[in-house]
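First comes the structure, then the notes that go with it.
What follows is calculated from the coordinates using simple rules that are stated; it is not laboratory data. Keep in mind the model is a prediction, meaning the values are calculated, not measured. Positions of Cβ are generated from backbone atoms using ideal geometry, with glycine treated the same way; all protein chains shown enter the neighbour counts.
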Amino acid sequence: MKGKAAVSAIIPAYNEAERIEATLEGVRSIPEVDEVIVVDDGSEDFTSPIARRYADSVIRLPSNCGKGTAMREGVRCAAGEVLLFVDADLKEHAKLCGSLLVPLLRKDADMTIARFPPSLRKGGFGLVKGVARSGVLWLTGVKLDATLSGQRAVRREVWESLDYFPAGFGVELGLTVHALQSGYTVREVPLPIRHRETGRDWQGFRHRGKQLMEVLSTLFRLWRLPA
Ligand SMILES: Nc1nc2c(ncn2[C@@H]2O[C@H](COP(=O)(O)OP(=O)(O)O[C@H]3O[C@H](CO)[C@@H](O)[C@H](O)[C@@H]3O)[C@@H](O)[C@H]2O)c(=O)[nH]1
């Protein structure tokens, strides 16, 4: 990294050896990105050695601590004033995430969230997303579509003002609600990305169940937080 980074890309990853190389090539091709940090959240595959070939830093957590904890560790080591979060499984689509930076760098937004077009969305996610969307509307009065998206750019100031960090998949929801309640400008940016499908097998069902529980417990915690 040269000098002080204006934009740090943070990529939380868990068992993404098959996809992380393409994702990192995509993130590397975004001209505004000054440093790339991968947080390997206790993967049991070759995520870390592969990531080391493309990232400026790879932080390896000793066990699987959850996506929220991984993002927090990434931010702790990042130098940028603007933080770009990208899921490790986006592969070549990751390069499109550069569009998330434009409103922040123009000072038109404090946080941007990627919204995938309905026809390109992955299967089985509707219920989890619907609950999150209704929860955000209920807590903030703001109607957003992509409240859970891991593809987002955030001004460091917004992240640092966050007082409640869900350790797992609730982190994006917590960040969305906090930013809206604190009066920050949040914009959704449509990105033409087709995400990989989550299986409709037992594992996929368990994954969605875990996400739903984390979304519900995050909403409950946010509701109970003192204003
Ligand atoms: N650090 C960390 N990252 C994880 C973990 N599990 C998954 N991830 C990373 O999180 C990304 C998304 O994981 P998926 O397993 O594909 O879940 P998804 O259904 O696409 O998740 C969607 O909803 C989540 C919130 O419920 C979002 O966090 C995510 O960005 C996306 O929108 C991937 O890059 C994956 O490596 C974990 O335990 N720890």
- request: May I ask which residue of 176, 146, 165 lies farthest towards the positive end of the charge dipole of segment 123-207, with charges of +1 (Lys, Arg) and -1 (Asp, Glu) on Cβ and the Cα centre as origin?
  value: 146
Relative contact order [Cα under 8 Å, 6+ residues apart], the chain, whole percent: 22 percent
Computed [θ] at 222 nm, helices only, for the chain once each DSSP H run of length n ≥ 4 contributes -39500 (n - 2.57): -11000 deg cm²/dmol
- prompt: Classify the chain: rounded, prolate or oblate, from the alpha-carbon gyration tensor (a ≥ b ≥ c, eigenvalue square roots; a/c under 1.5 rounded; otherwise prolate if a/b is larger than b/c)?
  reply: rounded
- prompt: GNM, the chain, Cα, under 10 Å: largest mean-square fluctuation among 215, 131, 58?
  reply: 131
- prompt: Just how large is the dipole of segment 7-224 about the Cα centre, in debye to the nearest 20, putting +1 at every Lys and Arg Cβ and -1 at every Asp and Glu Cβ?
  reply: 740 debye
task: Please say if segment 23-63 is rounded, prolate or oblate, where rounded means a/c under 1.5 for a ≥ b ≥ c the square roots of the C-alpha gyration tensor eigenvalues, and otherwise the choice is prolate for a/b larger than b/c and oblate otherwise?
output: prolate
task: Hey, can you grab everything whose amide H is under 5 Å from the amide H of residue 185? Only 5+ residues off in sequence or another chain; H modelled, so Pro and N-termini drop out.
output: 110, 111
